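The values are calculated or read from the model by the stated rules, or taken from the named source; none is laboratory data. Note that the structure is predicted; figures quoted are calculated from it, not measured. Here the Cβ positions follow ideal geometry from the backbone for every residue, glycine too, while neighbour counts run over all protein chains shown. Just so you know, the surface numbers come from the protein's heavy atoms only, side chains and all, with ligands and any DNA or RNA stripped out. Shrake-Rupley method; radii C 1.70, N 1.55, O 1.52, S 1.80 Å.
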Amino acid sequence: MSLTSLHIRDFAIIAALDIDFSAGFTVFSGETGAGKSILFDALGLALGDRADSSVIRSGAARTEVTACFDLGELPAVRDWLAARELLDPDEPNELQLRRQLKSQGPGRAYINGSPANLSLLRELSEQLIDIHGQHAHQSLLRAGEQRRLLDAYAGLEAQTDALAGICRELQEIRRQRQQLSGGGEELRQRQDLLRYQLEELEELQPEAADLEQLEADYRRQSEAENLLQQAATASNLLYAGDDSIYDQLQRALQALNEANEIDPRFSEALQLCEQAQISLKEAAQSSDALAADIDPDPETLAQLSRRLDGYQSLARKHRVSPSDLPAHWQALREELASLEGSARSEEELQAREKQLLEAYHQAAKALSKQRQAAATKLGQAITRTVQPLGLPHARCEIAVDYRPEGSPQAAGLDQIEFRVAMNPGQPAAPLAKVASGGELARTSLAIQVVCLDQSPVPVLLFDEVDVGIGGGVAEVVGRRLRQLAERYQVFCVTHQPQVAALADSHFGVSKQVEAGQTETRITALTETARVEELARMLGGVKITAQTRSHAEEMLELAQGPGTD
């Protein structure tokens with residue numbers, strides 16, 4: 001089981017609704033206009049359908065719908081949630097989808113209590129539920145949907161994904177070739193400019209470390225005389241001059257030494273003074289050594305100045321900072337190398353395009369053969385399913401027309417068309433040309449049922465897909481839905497008592513007016529109430545004892561052994 005409960009507040013004409021669901025086949029029935037389909041509309045809101053404030057119940061400030069799921073048999077969904085940090089670690093088998101819409105202000109969506117956007121919500125919902133409305137046959141008239149159904153039935157997702165990948169790469173190669181070929185004169189002008197700019201930069205040979213050293217050398221050379229003067233002053237004061245600090249410390253050492261002989265507590269002061277005298281001498285020697293390396297030289301200063309000016313001048317010309325010149329130089333060299341290699345790139349791209357085209361046509365042809373084989377099987381399966389639905393002579397064919405002369409498309413080179421014939425001797429015609437709306441609806445239902453056998457989605461919802469059928473045909477539809485419920489959790493809004501009688505669970509939908517407000521209510525039917533509802537569906541407004549008896553018999557036969 002997957003969908004465990006649904007909680008609705010102030011949606012359309014539903015004030016408050018809390019429903020718990022069980023596994024198997026569940027139906028909803030009620031008078032026309034009672035609000036049966038509103039239930040699925042509300043669920044669609046929780047699953048990420050687009051909606052506006054018009055769905056909020058009159059007089060309410062907001063609507064809220066919460067759908068709860070059991071993930072016990074859905075490890076792929078758990079992995080999907082875990083990868084996005086949306087799995088509840090305390091309840092890893094439970095999932096809650098909640099959606100709010102306000103009459104004023106933006107709506108909100110939540111996955112297990114975490115805010116989520118609608119695209120993420122829909123991506124998750126597609127792994128949980130398939131909803132098939134009473135107008136689902138309209139989408140089946142589209143070629144894209146027919147191709148999707150055939151590929152899903154045949155399990156060709158990996159092949160179609162691979163083909164689409166080749167097609168995307170082919171389109172990118174062609175875009176690059178067009179970009180190269182369309183640049184002609186502009187490309188040559190850019191190359192000439194780059195060569196001119198690089199000629200100046202090559203002469204300078206800018207490097208980040210070089211600039212830092214250059215600035216330091218220039219500062220030392222320009223301040224050489226001042227440095228020598230300050231170094232000499234420091235040396236004289238520290239050690240070399242008359243009455244230097246070193247000499248003064250020598251006198252202090254003599255005094256501390258005499259004091260220490262009298263009182264040993266002066267030993268620490270004596271030691272610190274000795275260390276200070278040593279440090280003074282070392283500082284003076286270090287200053288002298290550095291001064292010895294300083295050689296004021298006007299020519300050296302001029303060379304350093306010219307090189308710094310070169311950095312500044314080129315930096316202004318290229319509109320970068322001097323420190324960014326090395327990286328800019330490298331970028332220009334790479335761009336020129338890329339442009340100069342464009343002719344070689346064109347040849348490489350042309351060769352790659354040829355490889356991709358060959359790979360595409362091979363993959364497209366192989367895919368077409370697989371589709372043709374699957375089309376025969378799918379057409380036969382639909383035929384077997386549609387004939388018991390009151391169309392005993394119906395025949396379904398699926399045409400797969402391979403057109404290698406066409407331009408590469410992500411979905412391949414096949415034109416796929418579902419065709420049906422309703423009477424013996426008639427050629428199969430496209431679905432869109434089926435004369436009767438009822439025939440089209442039943443054919444659509446057969447296609448959906450057959451293709452759903454391959455569905456990885458655990459919950460199937462059918463909203464009045466049995467419109468326009470009745471009697472024995474309706475019973476066949478109900479039995480087919482009940483068979484599906486052995487593999488899936490199946491929900492169905494129905495007007496047909498033959499369908500409703502076959503369900504495992506039955507909810508009645510009614511519309512009431514209280515205090516001037518219209519409200520839809522949904523109630524789980526007891527056995528007795530279920531008989532009354534089936535009698536209503538059978539007999540209309542006036543329910544007789546005979547109608548009830550017929551309803552009891554219908555329910556007994558449907559729920560008894562061997563019903564399927």
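Looking only at residues that are in a loop (DSSP other than H, G, I, E, B) and more than 24 Å from Ala231 (Cα to Cα) in the stretch 262-321, which one is modelled with the highest pLDDT? Selected residue: Asp263.
Pick from the stretch 1-28 the residues that are surrounded by 24 or more Cβ atoms within 10 Å (Cβ to Cβ) and touching a Ser or Thr at 6+ places or on another chain (Cβ under 6 Å): which of them is farthest from Thr520 (Cα to Cα)? Ranking the qualifying residues of the stretch 1-28, first place goes to Val27. Sub-9 Å Cβ pairs linking a first residue in the stretch 257-277 that is touching a residue at least 24 places away in the same chain (Cβ under 8 Å) to a second residue that is hydroxyl-bearing (Ser, Thr, Tyr), at least 6 apart or interchain, are Gln277/Tyr246, ordered by first then second residue. The set of residues in the stretch 52-64 being among the aliphatic types (A, V, I, L, M) and in a helix (DSSP H, G or I) consists of Val55 alone. Residues in the stretch 513-541 that are at pLDDT below 85 and part of a strand (DSSP E or B) were compared, and the one that is farthest from Glu553 (Cα to Cα) is Gln517.
Scanning the stretch 505-521 for residues that are open to solvent by less than 20 Å² (accessible area, probe 1.4 Å) and of a type in the set (A, V, I, L, M) yields one hit, Val509. The residues in the stretch 77-133 that are over 29 Å from Phe462 (Cα atoms) and assigned to a helix (DSSP H, G or I) can be counted, and the count is 2. Taken together, Leu280, Leu336, Leu301 contain a single residue that is touching a residue at least 40 places away in the same chain (Cβ under 8 Å) and within 60 Å of the chain's Cα centre (by Cα), which is Leu336.
Table: residues versus (1) part of a loop (DSSP other than H, G, I, E, B); (2) aromatic (Phe, Trp, Tyr); (3) over 24 Å from Gln127 (Cβ atoms).
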{"position": "His7", "(1), (2), (3)": "no, no, no"}
{"position": "Asp10", "(1), (2), (3)": "no, no, yes"}
{"position": "Asp18", "(1), (2), (3)": "no, no, yes"}
{"position": "Ser22", "(1), (2), (3)": "yes, no, no"}
{"position": "Ala34", "(1), (2), (3)": "yes, no, yes"}
{"position": "Leu45", "(1), (2), (3)": "no, no, no"}
{"position": "Arg50", "(1), (2), (3)": "yes, no, no"}
{"position": "Thr66", "(1), (2), (3)": "no, no, no"}
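If the condition is being loosely packed, with under 13 Cβ neighbours inside 10 Å and among the basic types (Lys, Arg), then the stretch 250-281 contributes Arg251, Arg265. Right, Glu397: in contact with a Leu (Cβ under 9 Å, 6 or more places away or on another chain) and not hydrophobic (A, V, I, L, M, F, W, C) or not? No: the conditions fail for Glu397. On the basis of being surrounded by 16 or more Cβ atoms within 10 Å (Cβ to Cβ) and either free of Cβ contacts under 8 Å to residues at least 12 places away in the same chain or under 30 Å from Ser407 (Cα atoms) (or both), does Arg177 make the cut? The answer is yes for Arg177. State whether one or more residues within the stretch 246-254 are within 30 Å of Leu204 (Cα to Cα) and part of a helix (DSSP H, G or I). No, that holds for no residue.
Once the stretch 308-356 is narrowed to residues that are in contact with a Leu (Cβ under 8 Å, 6 or more places away or on another chain) and open to solvent by 50 Å² or more (accessible area, probe 1.4 Å), the residue that is nearest to Glu212 (Cα to Cα) is Ser323.
The set of residues in the stretch 141-170 that are in a helix (DSSP H, G or I), surrounded by fewer than 18 Cβ atoms within 10 Å (Cβ to Cβ) and not aliphatic (A, V, I, L, M) comprises Gly144, Glu145, Arg148, Glu157, Asp161, Gly165, Arg168, Glu169. Would you confirm, using the coordinates I've provided, whether Leu121 is within 22 Å of the chain's Cα centre (by Cα), surrounded by 13 or more Cβ atoms within 10 Å (Cβ to Cβ), farther than 19 Å from Gly44 by Cα and not small (Gly, Ala, Ser)? No; evaluated as a whole, the condition is false for this residue. If the condition is being in contact (Cβ under 8 Å) with a residue 60 or more places away in the chain and either polar (S, T, N, Q) or on the phi > 0 side of the Ramachandran plot (or both), then the stretch 373-432 contributes Thr385, Gly390, Gln409, Gly412, Gln415. Scan the stretch 535-549 and tell me whether some residue there is surrounded by 22 or more Cβ atoms within 10 Å (Cβ to Cβ), in contact with a helix residue (DSSP H, G or I) (Cβ under 6 Å, 6 or more places away or on another chain) and polar (S, T, N, Q). Within the stretch 535-549 (the criterion being surrounded by 22 or more Cβ atoms within 10 Å (Cβ to Cβ), in contact with a helix residue (DSSP H, G or I) (Cβ under 6 Å, 6 or more places away or on another chain) and polar (S, T, N, Q)), the answer is no, since none of the residues qualifies.
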